[in-house]
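K.L.:
Following this message is one structure expressed as structure tokens.
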Amino acid sequence: MVALVAAVFRVASAHTSLYSIGINGETNPKGKYILPYDSKPSHPVRDATLDTLRCRDKKGTSQVTESLQVVAGTQLTVEWHHYNSTETDNVISPSHRGPCLIYMAPLESNGEGFAWFKIYEQGFDAARNMWCTDIVRENHGKLSVTIPTQINNGDYLVRAEIISLHHADLVGGAQFFPNCAKISVTGATYGKPDLYAIPGIYGINDTGILFDRHKGGATYKLPGPPVYAP
């Protein structure tokens with residue numbers, strides 16, 4: 001029984017969720033601006049065809065009344081953790097390696113339909129021999145990305161996602177860890193990125209989803225649409 005409990009704990013502690021967001025490397029208290037999700041917040045989405053792929057059991061944008069104020073062109077910082085932000089928190093297990101991807105959608109869309117565009121992706125860094133998850137763990141859960149300047153001002157959902165590839169050599173084995181937060185963008189100029197639907201951005205046989213990570217990451221191709229580059 002003790003061994004079983006320990007095994008369950010190790011599996012659970014491997015998972016992760018979005019803990020905080022902020023600006024230029026600084027983040028806010030846990031959960032502020034982040035859309036609520038289910039009672040098991042660190043558990044992954046395992047089926048890329050489900051609506052939960054958007055924000056992991058999003059319960060509605062109306063439950064978050066505040067939006068983080070962001071000036072276009074500045075750095076948005078997202079921070080993942082398994083449970084808390086202490087030095088001993090695992091962020092995500094070292095075995096759960098894979099890419100990080102950031103998307104945005106106009107808040108008024110509620111994330112439904114063709115609403116999303118990708119602003120960031122990082123997979124395997126061959127020069128450092130590190131996956132994005134390795135880099136995030138090294139940075140104590142934090143990743144900073146630039147908010148595009150050539151978009152419209154207004155309110156947005158930001159979708160921060162980690163994909164774990166430790167079982168991705170099997171169809172349906174990839175584990176998705178998406179969460180969403182609310183931001184309000186000012187200082188932008190007009191832009192019209194191509195928009196994509198979530199679910200719909202990933203296929204079960206896509207090279208970035210069905211991939212044997214244990215053979216190395218040099219040939220890895222990031223999944224989903226291209227990063228918006230006006």
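K.L.:
Please count how many residues of the range 167-191 are in a strand (DSSP E or B), over 22 Å from D51 (Cα atoms) and out of contact with any helix residue (DSSP H, G or I) (no Cβ under 9 Å at 6 or more places or on another chain).
P.N.:
So the answer is 3.
K.L.:
Let me confirm something: among Y37, Y19, which residue is of a type in the set (F, W, Y), at pLDDT 65 or above and closer than 30 Å to N205 by Cβ?
P.N.:
It is Y37.
K.L.:
Going by the conditions given, is I198 touching a helix residue (DSSP H, G or I) at 6+ places or on another chain (Cβ under 6 Å), farther than 21 Å from S67 by Cα and at pLDDT 95 or above? Can you show your working first?
P.N.:
Numbers: touching a helix residue (DSSP H, G or I) at 6+ places or on another chain (Cβ under 6 Å): yes; farther than 21 Å from S67 by Cα: yes; at pLDDT 95 or above: yes.
It is true that I198 is touching a helix residue (DSSP H, G or I) at 6+ places or on another chain (Cβ under 6 Å), farther than 21 Å from S67 by Cα and at pLDDT 95 or above.
K.L.:
All but one of (1) surrounded by fewer than 19 Cβ atoms within 10 Å (Cβ to Cβ); (2) in contact with an Asp or Glu (Cβ under 9 Å, 6 or more places away or on another chain); (3) not charged (D, E, K, R) hold for G187; state the number of the condition that does not hold.
P.N.:
Status for G187: all satisfied but (2).
K.L.:
Among the residues of the range 74-87 satisfying the criterion of being assigned to a loop (DSSP other than H, G, I, E, B) and at pLDDT below 95, which is nearest to G22 (Cα to Cα)?
P.N.:
Among residues in the range 74-87 that are assigned to a loop (DSSP other than H, G, I, E, B) and at pLDDT below 95, the one nearest to G22 (Cα to Cα) is S85.
K.L.:
Does P230 count as at pLDDT below 95, in a loop (DSSP other than H, G, I, E, B), surrounded by fewer than 21 Cβ atoms within 10 Å (Cβ to Cβ) and over 17 Å from the mean Cα position of the chain (by Cα)? Give the steps one after another, and end with the answer.
P.N.:
On the way: at pLDDT below 95: yes; in a loop (DSSP other than H, G, I, E, B): yes; surrounded by fewer than 21 Cβ atoms within 10 Å (Cβ to Cβ): yes; over 17 Å from the mean Cα position of the chain (by Cα): yes.
So P230 fits the description; yes.
K.L.:
How many of the residues making up the range 199-230 are out of contact with any Pro (no Cβ under 8 Å at 6 or more places or on another chain) and under 16 Å from E121 (Cα atoms)?
P.N.:
Final tally of qualifying residues: 9.
K.L.:
Contact list please: Cβ distance under 6 Å, first residue in the range 198-213 and closer than 26 Å to N110 by Cα, second residue assigned to a loop (DSSP other than H, G, I, E, B) and of a type in the set (F, W, Y), pairs at least six apart or on different chains.
P.N.:
Listed pairs, sorted by first residue: I209/Y202.
K.L.:
Give the residues of the range 58-73 that are over 15 Å from G154 (Cα atoms) and at pLDDT 95 or above, sorted by residue number.
P.N.:
Within the range 58-73, none qualify.
K.L.:
Assess whether L222 counts as being surrounded by 19 or more Cβ atoms within 10 Å (Cβ to Cβ), outside any loop (DSSP other than H, G, I, E, B) and not acidic (D, E).
P.N.:
In short, no.
The values are calculated or read from the model by the stated rules, or taken from the named source; none is laboratory data. Keep in mind it's a predicted model, so treat the numbers as computed, not measured. Methodologically, a virtual Cβ is constructed for each residue, glycine included, from the backbone with ideal geometry; neighbour enumeration extends over all protein chains shown.
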